[in-house]
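Trainee: Below is a structure I'd like to ask you about.
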Amino acid sequence: MIASGSHNSTKLTPPGLPNPMPNLNPTIQVNTAVPGGASIQVPSSFLGFSIEISVANQVLGHNSSLIQVPFLNLAHNIDYATVDMDGTHPELANKILWKDYANRKSQNPTETPPVYLSLDFFRLLRNISSLTNVHWYLGIPFNDTNWRLGIVEKGQEIQQTSRTFTASHGHRDQSYTPDQWMVELRSLVDTMAADPKYAVANTQIIVPSIANSNGWTLEGLWEKGLVDQFNNNIKYLAAEQYPDNNCCALWPSPTCTVPNPQDIFPAFLSHEDHVKKLVAGFLPSTLYAQSKGKPFLMFETNTASCGGFPGISDSFGAALWALDYGLQMAYGNFSGAMFHVGGQTYPFTAAPTNETTFHQWTVGSVYYATLVMAEALGTSNTSQLLDLNANDANPSTPAYAIYENALFNYMDKASGAAEVTFTFSIGGTATNEANGTPQNVQVKYLVSNSVADKGNFTWAGQTFGDAYHADGRLKGTEDVQTVTCGADNTCQVKVPAPGFALVFLAGNPNPQAAYPSQTFATTAVTQTRNTAQVAPEQLATSNGHQDVAAKKYSTSFGSGNGKNATLSQMVVESGLSPC
């Protein structure tokens, strides 16, 4: 399901350079101390993933023993991962994962069928967490008030957070109102309160997890007293929002216009359109959450709902956008965000089922953003961010202070010279502080040849490779560059076009020393047939198909004489020497 859309070969033309061009030699003044206007302290695990339960067996593992090793590697890379197991109707049953297509309410592309889970599903999550630092969010079925709390009971065994579902994607009639939802939420928490085994989960609910649409708004729920009524039950407040959607392509109608990805590509290469403006709409809610002492999450997001846009969602431009968007949410006082897994918008995906014997995983654009942001925030859980409005707030060259510096260049070098040299100063007379610029800084770059590239991006010289070539580990030698700063309290850092630079102001970053790359051992053998390999040089000089027709052997298991032919017979009759 997720792999077929995620390997679309569409490649767009990079947009031209902005007109007028931004200053290619901007200066930045940074305070030594954290200034007013900086964000709240944000957790190191800020970015995570929202995985549909219906594809858990593809992404996480077939059962609690056969875990997907690439997923373990990817989780280990970012040290602390948060994962929302999202779905429309999770239930308990006697299979690890069974999809009830017969009872799917519609063909809406955003609606997954009812999914039934076994106890082994929860063992799978627990086993993944025992190997990596992954923490889970689980959903309580909220499509009616016949509360099915088995998922809560079993979820508590892995000591994770539960959340409720809201009315969306056809789960309830369109007339279903926020007032009705709050009445039913009271029914849920009262039911859980009546049974001691739900005591912990009843204090860890995440609400309302809605997008502002169809008469449902966050501000409306705040005004109705949602947080005050359920203060002891709520652990996080949350919303879901995508900057755009591609639903018309999958669900056409006479009143629906399918966007042209080439036309909207520039909006994802700007600090303004799908970053600052998108986050600005949530600032009243993040401020409200702070006043109530509740962290605020973006519980599901990505480039576009309904699978994303071919050529955009899997491009290097999307990696820069996702990183900028994540940093902007952190600056806007969010406490976390989940990138949805599916369609073109995958952070990572397994090969299609019928190709797993010869193809590996594909690591997508937004996973690179997640990896870089985890490194930028460090491990202290105390990072504070400031959007520096650099270069006269030019949307092509944003910059952040994380008490490291994060510098962007959205422009594409194919359109002309566009490398940007940022000159920054820390402290000094401009801030009435002592000079704080170090003698040298270390820099790691996220780069690719073009914003339209669809794979093989590099982070500090390392890459997960192109589509179908990833096992979850970075390949290559890490390249951390050292820049010598001036005696005048300034430092110059170049940012290639397109690219991102993370500037470490204190010491060698060397995160790999803290989290060494590793893989996870397996004793499982998944390919037991058609395992013969022939050296290319032998094949080039062989006599090919000599007398194959006389023998009439088949290489397919169970087809013709294939089940009886031996390896030596097949090799000899094709003109090669037996192995």
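The values are calculated or read from the model by the stated rules, or taken from the named source; none is laboratory data. Please read all numbers here as calculations on a predicted model, not as lab measurements. Using ideal geometry, Cβ is built from the backbone for each residue, glycine included, and neighbour counts are taken over all protein chains shown. Accessible surface is based on the protein model in full, side chains and every heavy atom, while ligands, DNA and RNA are left aside. Shrake-Rupley method; radii C 1.70, N 1.55, O 1.52, S 1.80 Å.
So that you can scan it fast, the table gives a plain yes or no per residue for (1) of a type in the set (Phe, Trp, Tyr); (2) under 28 Å from Ala501 (Cα atoms); (3) open to solvent by 50 Å² or more (accessible area, probe 1.4 Å); (4) under 20 Å from the mean Cα position of the chain (by Cα):
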site: Glu240; (1), (2), (3), (4): no, no, no, yes
site: Phe265; (1), (2), (3), (4): yes, yes, no, yes
site: Phe268; (1), (2), (3), (4): yes, yes, no, yes
site: Glu272; (1), (2), (3), (4): no, yes, yes, no
site: Asn302; (1), (2), (3), (4): no, yes, no, yes
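Trainee: Does Leu47 satisfy being closer than 30 Å to Lys413 by Cα and not basic (Lys, Arg)? Give the steps one after another, and end with the answer.
Mentor: Values: closer than 30 Å to Lys413 by Cα: yes; not basic (Lys, Arg): yes.
Here the answer is yes, as Leu47 does meet what is asked.
Trainee: Here is a follow-up. Select from the stretch 460-478 the residues that are part of a loop (DSSP other than H, G, I, E, B) and open to solvent by less than 70 Å² (accessible area, probe 1.4 Å) and list them in ascending order.
Mentor: First, the residues of the stretch 460-478 that are part of a loop (DSSP other than H, G, I, E, B): 460-461, 464-469, 471-474, 476-478.
Result: Ala460, Gly461, Phe464, Gly465, Ala467, Tyr468, Asp471, Gly472, Leu474, Gly476, Glu478.
Trainee: I've got another one for you. Has the stretch 306-314 got at least one residue that is open to solvent by less than 10 Å² (accessible area, probe 1.4 Å), in contact (Cβ under 8 Å) with a residue 60 or more places away in the chain, within 12 Å of Lys454 (Cβ to Cβ) and of a type in the set (S, T, N, Q)?
Mentor: No, that holds for no residue.
Trainee: Can I ask one more? Among the numbered criteria (1) open to solvent by 20 Å² or more (accessible area, probe 1.4 Å); (2) over 30 Å from Thr10 (Cα atoms), which single criterion is violated by Ala417?
Mentor: Condition (2) is where Ala417 drops out.
Trainee: I'm trying to understand the selection: among the residues of the stretch 243-254, which are touching a Cys at 6+ places or on another chain (Cβ under 9 Å), in a loop (DSSP other than H, G, I, E, B) and open to solvent by 40 Å² or more (accessible area, probe 1.4 Å)? Break it down into steps so the answer makes sense when it comes.
Mentor: Our first condition is that a residue be touching a Cys at 6+ places or on another chain (Cβ under 9 Å); within the stretch 243-254, this holds for 245-251.
Add one more test, that the residue is in a loop (DSSP other than H, G, I, E, B), and what stays is 246, 251.
Once the filter is applied, which keeps residues that are touching a Cys at 6+ places or on another chain (Cβ under 9 Å), in a loop (DSSP other than H, G, I, E, B) and open to solvent by 40 Å² or more (accessible area, probe 1.4 Å), the stretch 243-254 yields only Trp251.
Trainee: Right, next: Search the stretch 118-138 for residues being in contact with a strand residue (DSSP E or B) (Cβ under 6 Å, 6 or more places away or on another chain) and crowded, with 21+ Cβ neighbours inside 10 Å, and hand back the single one that is nearest to Gly61 (Cα to Cα).
Mentor: Leu124
Trainee: Among the residues of the stretch 191-204 satisfying the criterion of being assigned to a helix (DSSP H, G or I) and polar (S, T, N, Q), which is surrounded by the most Cβ atoms within 10 Å (Cβ to Cβ)? Before you say what the answer is, go through the steps one by one.
Mentor: We begin by selecting, within the stretch 191-204, every residue assigned to a helix (DSSP H, G or I); these are 191-193, 196-198, 201-203.
With polar (S, T, N, Q) added as a condition, the list becomes 191, 202-203.
Details: Thr191: 14, Asn202: 20, Thr203: 15.
My answer is Asn202.
Trainee: Further, regarding this structure: Consider Asn333 against the criteria (1) open to solvent by less than 20 Å² (accessible area, probe 1.4 Å); (2) in contact with a Phe, Trp or Tyr (Cβ under 9 Å, 6 or more places away or on another chain): it satisfies all of them except one. Which criterion is unmet?
Mentor: (1)
Trainee: Select from the stretch 364-387 the residues that are hydroxyl-bearing (Ser, Thr, Tyr) and under 16 Å from the mean Cα position of the chain (by Cα) and write down the one among them that is nearest to Ile78 (Cα to Cα). Quick ask: steps written out before the conclusion?
Mentor: Step one: of the stretch 364-387, the residues hydroxyl-bearing (Ser, Thr, Tyr) are 365, 367-368, 370, 379-380, 382-383.
When the remaining residues are screened for being under 16 Å from the mean Cα position of the chain (by Cα), the result is 365, 367-368, 370.
Numbers: Ser365: 15, Tyr367: 10, Tyr368: 10, Thr370: 8 Å.
If we take residues in the stretch 364-387 being hydroxyl-bearing (Ser, Thr, Tyr) and under 16 Å from the mean Cα position of the chain (by Cα), then Thr370 is nearest to Ile78 (Cα to Cα).
Trainee: Please determine, by comparing only the residues of the stretch 479-498 that are part of a loop (DSSP other than H, G, I, E, B) and aliphatic (A, V, I, L, M), which one is farthest from Gly427 (Cα to Cα). Steps first, please.
Mentor: Here is the first cut: in the stretch 479-498, the residues part of a loop (DSSP other than H, G, I, E, B) are 479-480, 485-490, 496-498.
From what's left, aliphatic (A, V, I, L, M): 480, 487, 497.
Working: Val480: 25, Ala487: 13, Ala497: 28 Å.
The residue in question is Ala497.
Trainee: If you don't mind, another one. Looking at (1) open to solvent by less than 30 Å² (accessible area, probe 1.4 Å); (2) over 30 Å from Thr132 (Cα atoms); (3) not in a loop (DSSP other than H, G, I, E, B), can you tell me which one Ala501 breaks?
Mentor: (2)
Trainee: Something else: Give all pairs with beta carbons closer than 7 Å in which a residue from the stretch 128-154 that is without any contact (Cβ under 8 Å) to a residue 40 or more places away in the chain and under 18 Å from Asp79 (Cβ atoms) meets a residue that is in a loop (DSSP other than H, G, I, E, B) and β-branched (Val, Ile, Thr); count only pairs at least 6 apart in sequence or on separate chains.
Mentor: Matching pairs, first to second residue: Ser129/Ile158.
Trainee: Restricting the search to the stretch 265-279, which residues are of a type in the set (A, V, I, L, M, F, W, C) and closer than 17 Å to Thr397 by Cβ? I'd like the intermediate steps shown before the answer.
Mentor: Restricting attention to the stretch 265-279, the residues satisfying the condition of being of a type in the set (A, V, I, L, M, F, W, C) are 265, 267-269, 275, 278-279.
Answer for the stretch 265-279, where residues must be of a type in the set (A, V, I, L, M, F, W, C) and closer than 17 Å to Thr397 by Cβ: Ala267, Phe268, Leu269, Val275.
Trainee: Does the stretch 205-229 hold any residues that are within 18 Å of Gly139 (Cα to Cα) and either over 25 Å from the mean Cα position of the chain (by Cα) or not in a strand (DSSP E or B) (or both), and which are they? Break it down stepwise before answering.
Mentor: To start, the set of residues in the stretch 205-229 that are within 18 Å of Gly139 (Cα to Cα) comprises 205-211.
Ala211, the sole residue that qualifies.
Trainee: Turning to a different aspect of this structure: Cβ-Cβ distance below 8 Å, separation of 6 or more or different chains: which pairs start in the stretch 461-472 with a residue that is without any contact (Cβ under 8 Å) to a residue 60 or more places away in the chain and closer than 24 Å to Ala501 by Cβ and end on one that is small (Gly, Ala, Ser) and open to solvent by 40 Å² or more (accessible area, probe 1.4 Å)?
Mentor: Close Cβ pairs (under 8 Å, with a partner that is small (Gly, Ala, Ser) and open to solvent by 40 Å² or more (accessible area, probe 1.4 Å)) amount to Gly461/Gly476; Gln462/Gly476; Thr463/Gly476.
Trainee: Separate question: Only one of Leu388, Leu371 is closer than 23 Å to Glu272 by Cβ and either in contact (Cβ under 8 Å) with a residue 40 or more places away in the chain or touching a strand residue (DSSP E or B) at 6+ places or on another chain (Cβ under 9 Å) (or both). Can you tell me which?
Mentor: On the way: Leu371 fails: closer than 23 Å to Glu272 by Cβ.
The match here is Leu388.
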